[in-house]
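Each remark here refers to the structure printed beneath this line.
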Number of protein chains: 2
Amino acid sequence: MGGGAEREESLVFQPKFGADGLVTCVTIDAGRGDVLMVAHMNAEAIEATLTTGFVHYWSRSRGALWRKGDTSGQTQRLIEMRVDCDQDAILAFVEVGGDGGACHTGRRSCFYRRVEVEALAARLAYLGDARGPGLQRP
Amino acid sequence: MGGGAEREESLVFQPKFGADGLVTCVTIDAGRGDVLMVAHMNAEAIEATLTTGFVHYWSRSRGALWRKGDTSGQTQRLIEMRVDCDQDAILAFVEVGGDGGACHTGRRSCFYRRVEVEALAARLAYLGDARGPGLQRP
């Protein structure tokens, strides 16, 4: 396949998989617009996602294809998929089934803590709200 | 270091770096709320980001620490950093300097194409608008 420029300006979908056969997928709540989770897809997961309309990932820990929500009910219906310039990262805009959550800890989003810097040491703080203070939102 | 549960519920910031010493960073426009780019950070990049207030990445292709915007002027002032449940992915909410863009192709976001499925073959289409049709936004 072509080099960098071809991947960047082409309308051919040719994901650039890493040595592990994976690309990064950032999953976004299509309604709220915030990031729910970051996970990985191999070629099989991308194909299953596009053909079924429900998001599939590759579980690195289990070494298996994983249809999100099969056990939790937190399915992710694909609304739109985007790819970045060099095609090694994907955005999946989804509508979440079940209780609307995505994180295995029971929270809606996996990003429930902010990093705070105090006296040059970084520590975490729970977010009171999914969008949190400090962010300028329209 | 602790196991999974400790990373998930602790307020200690202990990024889970991969075998390559990196975590994934998803960079979001703090004003608009959309994803600008996906890149990687090592421990040095995280520390430089938190101490200077400007986002640094690790360039895998160049094998070097990289202060975003040093050549392009498209600096990224850190507004807030979040970490996910298992601490192997980071969200950086930023205010972009220069012309407000983030992609080396000259576009504001690296995610300027959507994946379209036609007769079971996936192809790309340019986004007319950063938010695009098909997405339900408040």
Requested in this report: Take peptide A:75-88, look around each residue's Cβ out to 10 angstrom, count Cβ atoms belonging to other protein chains, and average those counts.
Outcome: 5
Query raised in the report: Given a 1.4 Å probe, how much area per residue of region B:1-94 is accessible, in Å²?
Result: 40
Query raised in the report: Among rounded, prolate and oblate, which fits region B:80-130 when a ≥ b ≥ c are the square roots of the eigenvalues of its C-alpha gyration tensor, a/c under 1.5 means rounded, and a/b larger than b/c means prolate?
Result: oblate
Report summary line: For B:Phe111, A:Phe17, the accessible-area ranking with a 1.4 Å probe, largest leading, is A:Phe17, B:Phe111
Query raised in the report: At each listed q (0.25, 0.27 Å⁻¹), what is the log10 of I(q)/I(0) that the Debye formula gives for region B:19-73 modelled as equal alpha-carbon point scatterers?
Result: -1.09, -1.20
Report summary line: Helix A:43-52 sits off the longest principal axis of the Cα atoms of chain A, rounded to the nearest 10 on a 0 to 90 degree scale, by 80
Report summary line: Judged on accessible area alone, 1.4 Å probe, highest first, B:Arg67, B:Arg113, B:Arg77, A:Arg60 line up as A:Arg60, B:Arg77, B:Arg67, B:Arg113
Report summary line: Note on chain B, DSSP bridge orientation, antiparallel percent to nearest 5 equals 80
**Report entry** Teacher prompt: A:Asp34 distances to equivalent labels in other copies, 7 Å Cα→Cβ, nm
**Finding:** 2.0
Requested in this report: Have a look at A:Met81, A:Gly128, B:Cys103 and report the one farthest towards the positive end of the charge dipole of the protein assembly as shown, computed about the Cα centre with Cβ charges (Lys/Arg +1, Asp/Glu -1).
Outcome: A:Gly128
Report summary line: Treating only Lys and Arg (+1) and Asp and Glu (-1) as charged, each at its beta carbon, one finds that region B:1-116 has a dipole about its Cα centre, in Debye to the nearest 20, of 540
Query raised in the report: Other chains near A:16-23: what is the mean number of their Cβ atoms within 10 Å of each residue's Cβ?
Result: 1
Query raised in the report: So, in Å, what gap is there between the alpha-carbon centers of region B:52-89 and region A:39-78?
Result: 28
Report summary line: Descending accessible area (1.4 Å probe), largest on the left, turns A:Thr75, B:Thr49 into A:Thr75, B:Thr49
Query - Label-point gap, in nm, between A:Glu118 and B:Ala43 - each point 7 angstrom along Cα→Cβ - result: 2.2
Report summary line: Distances in nm between the label point of A:Ala19 (7 Å along Cα→Cβ) and its equivalents in the other copies, shortest first, are 0.7
Query raised in the report: Where a ≥ b ≥ c are the square roots of the eigenvalues of the C-alpha gyration tensor, would you call region B:1-127 rounded, which needs a/c under 1.5, or, failing that, prolate if a/b is larger than b/c, or oblate?
Result: oblate
Query raised in the report: Which distances, shortest first and in nm, link A:Gly63 to the matching position in the other copies, using label points set 7 Å out along Cα to C-beta?
Result: 3.0
Query raised in the report: How would you classify region A:1-46 from its alpha-carbon gyration tensor, with a ≥ b ≥ c the square roots of the eigenvalues: rounded for a/c under 1.5, else prolate if a/b is greater than b/c, otherwise oblate?
Result: oblate
Query raised in the report: In µm²/s, what is D for the protein assembly as shown at 25 °C and 0.890 mPa s, where D = kT/(6 pi eta Rh) by Stokes-Einstein and Rh is the Kirkwood radius from Cα pairs?
Result: 129
Report summary line: Rounded to the nearest 0.05, FRET efficiency between B:Glu6 and B:Ser72 (Cβ-Cβ, R0 41 Å) equals 0.55
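The values are calculated or read from the model by the stated rules, or taken from the named source; none is laboratory data. All figures in this text were calculated on a predicted structure; none of them were measured in a lab. Positions of Cβ are generated from backbone atoms using ideal geometry, with glycine treated the same way; all protein chains shown enter the neighbour counts. Accessible surface is based on the protein model in full, side chains and every heavy atom, while ligands, DNA and RNA are left aside. Shrake-Rupley method; radii C 1.70, N 1.55, O 1.52, S 1.80 Å.
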